[in-house]
Each structure stands twice: as C-alpha cells, then as structure tokens.
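Step one of this worksheet: look at the structure below.
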Amino acid sequence: MDLTILYRGPLASCDYDCPYCPFAKRRDSRAQLTADREALERFTEWAAAQTGDRLSVLLTPWGEGLVRSWYRRALTELSRLPHIGRVAIQTNLSGRTTWLADADPERIALWCTYHPGQTPYERFLGRCRELSARGVRYSVGVVGFDEHLDEARRLRAALPAEVYLWVNAAEGHTYTDEEAERWTELDPLFPYSRHPHRSAGLPCRTGESVISVDGDGTVRRCHFVKAELGNLYDGSYRAALGPRACPLAVCDCHIGYVHLETLPLYDVFAGGVLERIPAGFGAGPAPGGPVVPGPSRRTLPLLSP
C-alpha cells in the first residue's frame, strides 16, 4: 500500500498570538502535553512497523509542534526509515534547527509559515537560511493580509530562487482582481487559494490513498469530513479505503483541495505534494528522483479564467 497520512494529535498550544488563529497563545496543561506525546509516540511506533507499506506523513498540529521534543524526535526517527517516502510538518519555524542534523535530509521537509508581527523578520529569515545550509527541503508562506504584503515581498526577495513562497487567502476575505494580482506576483499559484473549490460529488484521493488520523488513531478521509473510516491501530480502516466523491459543498484549504482529482495539483506539486513544494523548487532530492531547481522552471500553471 502507498499511503499518505495527515496526523493531528491533541496538541493545541502555540507560542504565537496571531489574531486570525483560534489557538493563539493557548496553553496545554501538563496532562494534555503528556497525552499528546504518548499519542505521537504510538503513531510513530505504528508507522515504523509498517515495513510492507510505503508511507508519507504530514504532521498538521493545531499548535506549534517543533518547540516540543517529541515532535522533533518523531520527525527524525521517521525520516530514517526506508519505507517512509517523506515526513513533513507545518511549523512557524520559531524553534531551533540544530536537531535536523540527526534527520535524513532526503526524506524530511518543513512547511513553514511566516507571521509578521509575531517574530522578527531577520530571525525568521535566519532560520530559513539555516534550512538551506542543511539541504533541507522547505516551503515558506504567508497569509494574504494587506498589512503583510510588504513583508512578504521583502521575504521573497531575500529567499533563494529555489524556495517556493506560497500565499494563503485570508479566511473570509474577498479579493478584488487588483488585490489578487499583487499576491499572484509573489505566488503564481495564489489563484488556487483565492476562491473555495466546488467539491461536492467530485472525485478526491482522500479516503483512498490519503487519510487523516487523530491522536486516538481514528481514521477519517480528511481533516474536514467527520465520518470515520475505522481505527489505525486495529487495522479496521483498511477495508474502508477506496475511491469516493467528496461529500462537502466546497473545499477551501490547501491540505484538502490539493487532493481533488479535478485539479492538476498533483502534477504541479510533483515530488512535493506533502510539503507544498512545486516541481522544480526545493533543496534536496524529491522522492521520485532529483529536483533541479532554477528560475527556468518557475513558470507555474494558473487557473483558467
């Protein structure tokens, strides 16, 4: 089996207080942190034992995982397993990067978000440069608020050309064509984020080759569809895997709509679907072979008008 797993445990604490995030500066109790650590360790042990399968794993914690030792340890351990094609995490990149010295740079990747006002620009850029120096694949992005535009432009100019900078449309915000054009100049794929995608009744890879798993091992097709497919640890989910249409009216989050078969994003992000790196970007080799970064390959397909 070739399976992509989006894992989200109970962790909900974060060291940032972004006004657009419901988990800003939330604190987990010691008991909650212990439960999260035990859940992630259980998942890591399960993944390590699946030597007959080919797994790719994206950790999508509600809070910031890399400030917790067990997330760094899980990523390191999984990156060194031959049946793990890629292991990645969504992070604000606030923590140190020295732990990556113990990880396999060919299998680990980071999906990094820059939050202006939450961290000094130079500190975040410095972390990015550390990743580049280590040969770690990573993408960088921002939320498309007007007040973030200048900082995003500054960051794009400073990052190496092979590092993809993505822009997420702000939730609930409607962009004029002029506003959208400004963001598209930074991220040619912004049009995919600008509007929610109609998904009702359309084929999607989630529930077949992509699943979502929570800290208890409950398996769902994705983070946004609550229907359960079984449990990871008793193997009951396997019988439920298969092609199925999306039951929701729309899909407006990248980790969801990237898997829609009606969109060309598996081709656009070939070799980097998990870490949100389009083909032709990124340090280090992609799972299917080497990526050759360079400006000549940075022309990306856009949505048709």
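The values are calculated or read from the model by the stated rules, or taken from the named source; none is laboratory data. As the structure is a prediction and not an experimental result, all values here were calculated from the model. Note that we place each Cβ from the backbone using ideal geometry, even for glycine, and neighbour counts take in every protein chain shown. Heavy atoms of the whole protein, side chains included, go into the accessibility calculation; ligands, DNA and RNA do not. Shrake-Rupley method; radii C 1.70, N 1.55, O 1.52, S 1.80 Å.
Each Lys or Arg adds one and each Asp or Glu subtracts one; over the other residues with Cβ under 13 Å from the Cβ of T176, this totals -3. With the whole protein complex present, L6 retains an accessible surface near 10 Å², based on a 1.4 Å probe. Treating each Cα of the stretch 1-157 as an identical point scatterer and summing with the Debye formula, the log10 of I(q)/I(0) at q = 0.09, 0.12, 0.16, 0.21 Å⁻¹ comes to -0.30, -0.53, -0.93, -1.40. Only the Cβ atoms of Lys and Arg (+1) and of Asp and Glu (-1) were treated as charged; on that basis the dipole of the chain about its Cα centre amounts to roughly 520 debye. Roll a 1.4 angstrom probe over the protein heavy atoms and tell me the percent of accessible area of the chain that is carbon or sulfur. The computed percentage sits at 50.
Exposure check, 1.4 Å probe, all protein chains in place: R37 carries approximately 70 Å² of accessible surface.
The structure-derived value of Rg/Rh (Cα atoms, Kirkwood Rh) appears in the list [x] 0.99; [y] 0.93; [z] 1.19 under the label [y]. For A270 and T176, the difference between the fully extended length at 0.36 nm per residue and the C-alpha to C-alpha distance is 30.8 nm.
Since only Y237, P196, C253 are under comparison, the one whose Cα sits farthest along the positive direction of the charge dipole of the stretch 2-269, derived from C-beta charges on Lys, Arg, Asp and Glu, is Y237. The translational diffusion coefficient of the stretch 109-155, from Stokes-Einstein at 37 °C and 0.692 mPa s with a Kirkwood hydrodynamic radius over alpha carbon pairs, comes to 294 µm²/s.
Taken along the Cα-to-beta-carbon direction at a fixed 7 Å, the label points for T34 and A133 span 3.9 nm.
Express in nm, to one decimal, how much length is gained between S236 and A49 on full extension, taking 0.36 nm for each residue of separation and deducting their alpha carbon distance.
Computed gain between S236 and A49 is 65.7 nm.
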